[in-house]
Amino acid sequence: MSDSSATHATAELEDGSKRDFIFLATGATAAAGAAAIGWPLVAQMGKAADTLAAGSIEIDLSKVAQGQQLKMLWRGKPIFVRHRTPAEIAEAESVNVADIPDPQADEERLVADINGNLRPEFLVMVGVCTHFGCVPVGEAGDFDGWYCPCHGSHYDTSGRIRKGPAPTNMAIPPYSFVSENVIKVG
Ligand code: FES
């Protein structure tokens, strides 16, 4: 089964508000421009796209409301920033990690903020299925996380693979907090 929504990343919030992501990215590098024009076009731009998507991007987490997911492009890959609900966090933390294909506790997938605290409400991932690289859709699948319709991989609310052919969890990109609510990816 294929679904074009699974392979096209767009720089938008997924609640349909279509707010321009530029308001969410502060001090973004050229990658912001790449994200604004969308994945399909960037994918066609070859080497120029690589250049555009290089560097780092800064994202203001305070602009991503609970229950929303922001997608943007970084180094040619979609980055998901999900502001998880309390229910999603509880679900992610309740998993017995020994029982899942790629054992990893939810907190291992988080990065401490400038005060040394984990912020479980914000999950930042490379939004690429670890099977053959499609872009999974959010709030879908058997585990309420992400679903990759290309070959049927189900990820949970921590982005961990739970069912289907994908071998590993969705990756966490290198990122850090640069202020209370702003992260820098890359
Ligand atoms: S690429 Fe996602 S399941 Fe195959």
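Brief remarks on what is shown
- Per-residue 3J(HN,Hα) values for segment 76-84, derived from phi via the Karplus relation 6.51 cos²θ - 1.76 cosθ + 1.60 with θ = phi - 60°, read x, 10, x, 10, 9, 10, 9, 8, 6 Hz in sequence order (x marks Gly and Pro).
- Hydrodynamic radius of segment 55-186 by the Kirkwood approach over all distinct alpha-carbon pairs: 14.7 Å.
- Residues with amide H under 5 Å from that of Trp74, placed H, sequence gap 5 or more: Ile79
- Sequence-separation-based contact order of segment 52-146, relative, with Cα cut under 8 Å and 6+ spacing, percent: 24 percent
- Stretchable slack from Asp99 to Glu180, in nm (0.36 nm times residue separation minus alpha-carbon distance): 25.7 nm
Since every read-out is calculated from the coordinates, none of them should be taken as a lab result. Predicted, not measured: the structure shown is a model, and the values here were computed from it.
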